[in-house]
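Below is one structure, written out as structure tokens; the observations come after it.
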Amino acid sequence: MKTLVVMNEKGGVGKTTIVAHAGWYFAERVATLVIDLDQQGNLTTTLGSHVSSVDSVALFAAPTRVPAVGRLTVARSTRALLGVEGVNHACIETFRDSLAAMAGDYAICVIDTPPALTVRSFGALLAADAVLAPIGINDYSIQGVAELLRAIKGVAHHYRRPEPTFLGLLPSVFDRKSRRERALFESLAAQAGKLLFPGIVAKRDLYARAVSEGQPVWALPSSAAREAGQEIRHVFDEVARRMEIDP
Ligand SMILES: Nc1ncnc2c1ncn2[C@@H]1O[C@H](COP(=O)(O)OP(=O)(O)OP(=O)(O)O)[C@@H](O)[C@H]1O
Ligand SMILES: [Mg+2]
């Protein structure tokens, strides 16, 4: 099982929308586990028909496997996740051990994280093979990236393991009609080109509609939805290629 963590401390940059679509995309090909570590539970609501009997908080308490419910399985979020933020950091390694115990159960695990660097985030980073960081195209969102990169390095160093692959900054909720955002995107590409993921998720109302209806954007019946589907599937094609997820 390969583990993809979708993370950015910044809120509202499209993390959950991207994880839901990643779940639908990968489940077309391979056994897919999605873990919701955000107590807000938005992902759990969107993927509600795929929820397993084991909640995500259980993965921090003792090495635990999540029973599959189909090609797509969700370890749901509960408010009890807030209890993980206590003083006992042993749960970070327990979470890693839970994922290791599922090595043969799923081909890919995709983890949604809360908009803060929490103990849960460190657990996710310790278990990660790859990290994808959606960013909004604005100054504040880009400023937070250094902190994220430090956390990735810090966790690997502290637990003496190789760093996960940083797949890149994925421009998300990108309003291509805005001159200001286009200019910021150009300057970002010039400054941090090497950190930029080769793809984008444009700002489109269709994504919000898809998520609220509990289906991927490519399942909606319109030509704009087909275009959106191509755009976001291109992102996951590249993720699958870089993570060597074979159908
Ligand atoms: N590409 C997009 N185009 C338009 N709206 C989007 C897009 N992606 C996400 N949204 C909307 O923006 C809001 C935030 O998206 P989402 O919940 O995916 O972000 P998040 O990073 O997970 O937020 P949080 O940090 O609160 O967990 C939602 O209302 C969602 O429907
Ligand atoms: Mg979210």
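The values are calculated or read from the model by the stated rules, or taken from the named source; none is laboratory data. From a predicted model like this one, the values you see are computed outputs, not experimental measurements. Counting neighbours? That spans all protein chains shown, and the Cβs are built from the backbone with ideal geometry, glycine included.
What the table shows:
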| read-out | value |
| --- | --- |
| Some residue of region 134-157 being within 28 Å of GLY70 (Cα to Cα) and in contact with a Gly (Cβ under 9 Å, 6 or more places away or on another chain) | yes |
| Residue that is surrounded by 14 or more Cβ atoms within 10 Å (Cβ to Cβ), among the aromatic types (Phe, Trp, Tyr) and in contact (Cβ under 8 Å) with a residue 60 or more places away in the chain, where the choices are PHE197, PHE185 | PHE197 |
| Flag for LEU132 being modelled with pLDDT of 95 or more, in a helix (DSSP H, G or I) and on the phi < 0 side of the Ramachandran plot | no |
| Residue within region 93-111 that is more than 16 Å from LEU33 (Cα to Cα) and either over 16 Å from the mean Cα position of the chain (by Cα) or surrounded by fewer than 18 Cβ atoms within 10 Å (Cβ to Cβ) (or both) present | yes |
| Residue satisfying condition, being in contact with a His (Cβ under 9 Å, 6 or more places away or on another chain) and part of a helix (DSSP H, G or I), within set PHE60, PHE122, PHE95 | PHE122 |
| Matching residues, region 207-228, being assigned to a helix (DSSP H, G or I) and either within 16 Å of ligand 2 (Cβ to nearest atom) or crowded, with 17+ Cβ neighbours inside 10 Å (or both) | TYR207, ALA208, ALA210, VAL211, SER212, VAL217, TRP218, ALA225, ALA228 |
| Residue list for region 135-146, restricted to those being of a type in the set (Gly, Ala, Ser) and outside any helix (DSSP H, G or I) | GLY136, GLY144 |
| Search result, residues across region 16-44 that are in a helix (DSSP H, G or I), within 12 Å of ligand 2 (Cβ to nearest atom) and in contact with a helix residue (DSSP H, G or I) (Cβ under 9 Å, 6 or more places away or on another chain) | THR16, THR17, ILE18, VAL19, ALA20, ASN42, LEU43 |
| Residue list for region 9-48, filter: on the phi > 0 side of the Ramachandran plot and modelled with pLDDT of 95 or more | GLY14, GLY41 |
| Answer residue from region 147-206, given it is of a type outside the set (Phe, Trp, Tyr), within 23 Å of GLY123 (Cα to Cα) and assigned to a loop (DSSP other than H, G, I, E, B) and is farthest from ligand 2 (Cβ to nearest atom) among those | ARG160 |
